[in-house]
Amino acid sequence: EVAREGRIEFIAETPGQMMGRVDAVMVVFRHGDLHAEYALPFIEAGIPTWVDKPFSISNEDAKRMIDAAKRNNTLLAGGSTCKFIYDILMTRNEVKNESRIGSFKTAVMNFPATLDNEYGGIYFYGAHLVEMAMAAFGYDAVSVVASEKNGLVTAIVKYDRYQVTLNFIPGLYEYYAILYGEKGVIKREIDINDCYVKGFESFAEMLRSRKMPLSFETLYKPVALLNAIVKAYETGDEIYL
């Protein structure tokens, strides 16, 4: 159906059949467990590769793709496009620059995610919240505690100087970041409407410039954090990163 509607003449049965036909690839399965299997042949062939969110469900698969990219000098990007949006960039600026709220102390952010779906549970949409949070508040999280109640997961991500609360709320499609500082509070609605445009722009720029838009660290650490959140609410333990 996709090929017919998109007027696509060639359908490959395997990734190998695409070799020599493509200059770059985007791997966009809805289930993140499929990404490594289909991305690795292109990464190992040195073909620039975008891997959609969740970049991976397992830490091990994320490492395999990153290690292959390093070995083969392959341009690799992907994950949630929501991390590129204006409101996340502005939130990051508030945290770093100590604006009118003074020194940043803590924050709350929300995004929908469900634990019961055919695409990997919380990983399917939860990756968006984790990637937005790390883009805004930093990739140097130390540990996380989390709990689950009636399908809603709340995680407290701890950093050296502050902590951030993430609420994975099923069915709620209004997104906010609330920042608390020593002198005031900022409430920012998060508008994700242009996230695909921003994401595709970053991929196209990677192909033009031959430079990755973000580091390997920013691909791996959100995967590790989301897995730590799952382990934290399943065990009740504080999980260190």
Practice item. Give the residues of region 146-169 that are closer than 19 Å to Phe124 by Cα and in contact with a helix residue (DSSP H, G or I) (Cβ under 9 Å, 6 or more places away or on another chain), sorted by residue number. Key: Ala146, Ser147, Glu148, Val153, Thr154, Ala155, Leu166, Asn167, Phe168
Practice item. Return yes or no: is Val22 more than 19 Å from the chain's Cα centre (by Cα), of a type outside the set (Phe, Trp, Tyr) and open to solvent by less than 90 Å² (accessible area, probe 1.4 Å)? Key: yes
Revision key, fill the gap. Looking across region 124-159 at residues that are farther than 24 Å from Asn97 by Cβ and among the hydroxyl-bearing types (Ser, Thr, Tyr), the single one that is surrounded by the fewest Cβ atoms within 10 Å (Cβ to Cβ) is Ser147
Exercise for review: Scan Glu98, Glu60 and give me the residue that is at pLDDT below 95 and out of contact with any helix residue (DSSP H, G or I) (no Cβ under 7 Å at 6 or more places or on another chain).
Suggested key: Glu98
Review point. When only residues in region 141-197 that are assigned to a loop (DSSP other than H, G, I, E, B) and small (Gly, Ala, Ser) count, which is farthest from Gly78 (Cα to Cα)?
Key: Gly184
Exercise for review: Sort through Thr114, Thr106, Thr91 and tell me the only one that's under 27 Å from Gln163 (Cβ atoms), open to solvent by 10 Å² or more (accessible area, probe 1.4 Å) and either under 19 Å from the mean Cα position of the chain (by Cα) or not β-branched (Val, Ile, Thr) (or both).
Suggested key: Thr114
Check your understanding: Does Asp140 count as under 18 Å from the mean Cα position of the chain (by Cα), closer than 15 Å to Phe29 by Cα and of a type outside the set (Lys, Arg)?
Key -> no
Check your understanding: So how many residues does region 174-195 have that are within 18 Å of the chain's Cα centre (by Cα) and open to solvent by 50 Å² or more (accessible area, probe 1.4 Å)?
Key -> 4
Review point. What is the one condition in (1) among the charged types (D, E, K, R); (2) farther than 22 Å from Tyr125 by Cβ; (3) under 16 Å from the mean Cα position of the chain (by Cα); (4) open to solvent by less than 80 Å² (accessible area, probe 1.4 Å) that Glu217 does not satisfy?
Key: (4)
**Study point:** Residue match in region 16-39 (condition: under 30 Å from Ile169 (Cβ atoms) and among the β-branched types (Val, Ile, Thr))
**Key:** yes
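The values are calculated or read from the model by the stated rules, or taken from the named source; none is laboratory data. This one's a predicted model, so the numbers in the text were calculated from it and none came from an experiment. Using ideal geometry, Cβ is built from the backbone for each residue, glycine included, and neighbour counts are taken over all protein chains shown. Heads up: the accessible areas ignore ligands, DNA and RNA and are worked out on the full protein's heavy atoms, side chains in. Shrake-Rupley method; radii C 1.70, N 1.55, O 1.52, S 1.80 Å.
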